Amino acid sequence: MLALLCGGQGTLSDKLFDLVADQPAAEPVFTAATAFLGADPRQFIRTRSADELAVNHTSQILTIASTLAIHACIADLLIDEAAVTGYSVGEMAAWSIAGIWTADEALRLTDIRARLMEDAAGLDGRLGYVRGLDRAALEPLLTKHRCEIAIRNPDLLVVIGGAERDVIAICDEAAKEGARTGLLTVKIASHTTRIVQACKPLQHALDASRHAAVASGRVLLAGGDGERIFAAQDATTKLANQVAHPIDWAATLEALAELGVTQVLDLGPGHALAEMMRASHPFMRCYAADGFRTTAGLRKWIAAA
């Protein structure tokens, strides 16, 4: 079985849309994203500074637009059963790819999600990462520096969130203990209790959304824990609460393996999800869309897969 992985926020390259920029199938996605960015995303990405692209709302819209644009260019080839899941905001794209929302609706709801998170979070949030410390070593640092685990990844890679000064402090101390650390471009403490006020209004928006059944041939997994989602109405609470609760991405990758997934396509942005899956499950064939030079090459791979 093929699995489609939808990435979360990260550093956005000005080449984000190059693979599908001229593809007619992606045009409706670009049109929908324009309404929320105020400019065509293909030009927006090339004319804004790195700091402007890192703004939470902008980053979320560009991330979902990129993923859905790539999917639009291969959707006609996905005729066999496929699993789909998303990392952080990527779960918004995953629900669309699974058939629950149109691309327009997914972008509209992502716009709401991003704004609610910004309103709840305040101005001083940040995400960072710590790699190499086990739980016993990390937990005292989290308590000391008033930070929280935002995402658990494989290979002792943990994303942490909190006030920016506290995230910097925990990264500095963890580095002295031998860990690899750093700040992420995400300037909001996603998936921590700092965002909890966004959960209820986001759930109301998700409940009121125009949604359909999960499409035949799609197996949708929650990105937060790998649980299978059979119907939107049963999972809106989980999806809304995801913004203020830690994500266990390692568990989601295990769930994909247990489903019998043998091939993975990371729809991006970037290729971090393909690398994580390859490292934790080396028997799988893992590729990232941004590794293809042309849409034709990507389509050829999908057809063969």
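The values are calculated or read from the model by the stated rules, or taken from the named source; none is laboratory data. All values reported here derive from a predicted model rather than from experimental measurement. Neighbour counts are summed over all protein chains in view; Cβ atoms, including those assigned to glycine, are modelled from backbone coordinates with ideal geometry.
When the stretch 253-265 is examined, which residues are found to be in contact with a helix residue (DSSP H, G or I) (Cβ under 9 Å, 6 or more places away or on another chain), outside any helix (DSSP H, G or I) and not β-branched (Val, Ile, Thr)?
Leu265
Applying the selection to the stretch 72-92, what residues are of a type outside the set (D, E, K, R) and assigned to a loop (DSSP other than H, G, I, E, B)? Talk me through it step by step, then tell me what you get.
Of all residues in the stretch 72-92, those of a type outside the set (D, E, K, R) come to 72-75, 77-79, 82-90, 92.
Answer for the stretch 72-92, where residues must be of a type outside the set (D, E, K, R) and assigned to a loop (DSSP other than H, G, I, E, B): Cys73, Ile74, Leu78, Ile79, Tyr87, Ser88, Val89.
State all residues of the stretch 119-134 that are within 26 Å of Leu267 (Cβ to Cβ) and surrounded by fewer than 19 Cβ atoms within 10 Å (Cβ to Cβ); if no residue qualifies, say none.
Listed by number, the list holds a single entry, Arg131.
Look at Ala54 and say whether it is under 27 Å from Val158 (Cα atoms), touching a Pro at 6+ places or on another chain (Cβ under 8 Å) and among the small types (Gly, Ala, Ser). So that I can check it myself, show each step before the final result.
Numbers: under 27 Å from Val158 (Cα atoms): yes; touching a Pro at 6+ places or on another chain (Cβ under 8 Å): no; among the small types (Gly, Ala, Ser): yes.
In short, no.
When Gly268 is evaluated against the numbered criteria (1) touching a strand residue (DSSP E or B) at 6+ places or on another chain (Cβ under 7 Å); (2) part of a helix (DSSP H, G or I), which criterion, by number, is the only one it fails?
Here Gly268 meets the rest and fails (2).
So for the stretch 228-250 (the condition being modelled with pLDDT of 95 or more, part of a helix (DSSP H, G or I), within 20 Å of Gly90 (Cβ to Cβ) and of a type in the set (D, E, K, R)), does at least one residue qualify?
Yes, that holds for at least one residue.
Counting only residues that are touching a residue at least 40 places away in the same chain (Cβ under 8 Å) and basic (Lys, Arg), how many does the stretch 249-292 have?
Matching residues across the stretch 249-292 total 0.
So for the stretch 158-172 (the condition being part of a loop (DSSP other than H, G, I, E, B) and either more than 18 Å from Arg113 (Cβ to Cβ) or of a type outside the set (D, E, K, R) (or both)), does at least one residue qualify? Write out each step before concluding.
Initial filter on the stretch 158-172 (part of a loop (DSSP other than H, G, I, E, B)): none.
Taking every residue of the stretch 158-172 in turn, none turns out to be part of a loop (DSSP other than H, G, I, E, B) and either more than 18 Å from Arg113 (Cβ to Cβ) or of a type outside the set (D, E, K, R) (or both).
Taking the stretch 135-186 only, how many residues are loosely packed, with under 14 Cβ neighbours inside 10 Å and either touching a residue at least 40 places away in the same chain (Cβ under 8 Å) or in the same structural domain as Ala274 (by TED's automatic domain parsing) (or both)?
Qualifying residue count, the stretch 135-186: 5.
Name the pairs whose Cβ atoms lie under 7 Å apart, with the first residue in the stretch 26-37 and modelled with pLDDT of 95 or more, the second acidic (Asp, Glu), and 6 or more positions between them or separate chains?
Phe30/Asp40; Ala32/Asp104; Thr34/Asp40; Phe36/Asp111
Considering the stretch 7-37 alone, what residues qualify as being assigned to a helix (DSSP H, G or I) and either outside the structural domain of Thr294 (by TED's automatic domain parsing) or not small (Gly, Ala, Ser) (or both)? Don't jump to the end; show me each part of the working.
Taking the stretch 7-37 as the starting set, the residues that turn out to be assigned to a helix (DSSP H, G or I) are 24-37.
Listed by number, the residues that qualify are Pro24, Glu27, Pro28, Val29, Phe30, Thr31, Thr34, Phe36, Leu37.
Within the stretch 19-30, is even one residue within 26 Å of Ala198 (Cβ to Cβ), over 15 Å from the mean Cα position of the chain (by Cα) and buried (at least 18 other Cβ atoms within 10 Å of the Cβ)?
yes
I want to confirm something. Restricting to the stretch 73-104 and keeping residues that are hydroxyl-bearing (Ser, Thr, Tyr) and in contact (Cβ under 8 Å) with a residue 60 or more places away in the chain, which single residue is surrounded by the most Cβ atoms within 10 Å (Cβ to Cβ)?
Thr85
Condition first: touching a Gly at 6+ places or on another chain (Cβ under 9 Å), surrounded by 15 or more Cβ atoms within 10 Å (Cβ to Cβ) and of a type in the set (Gly, Ala, Ser). Can you find one or more residues in the stretch 49-66 that meet it?
yes
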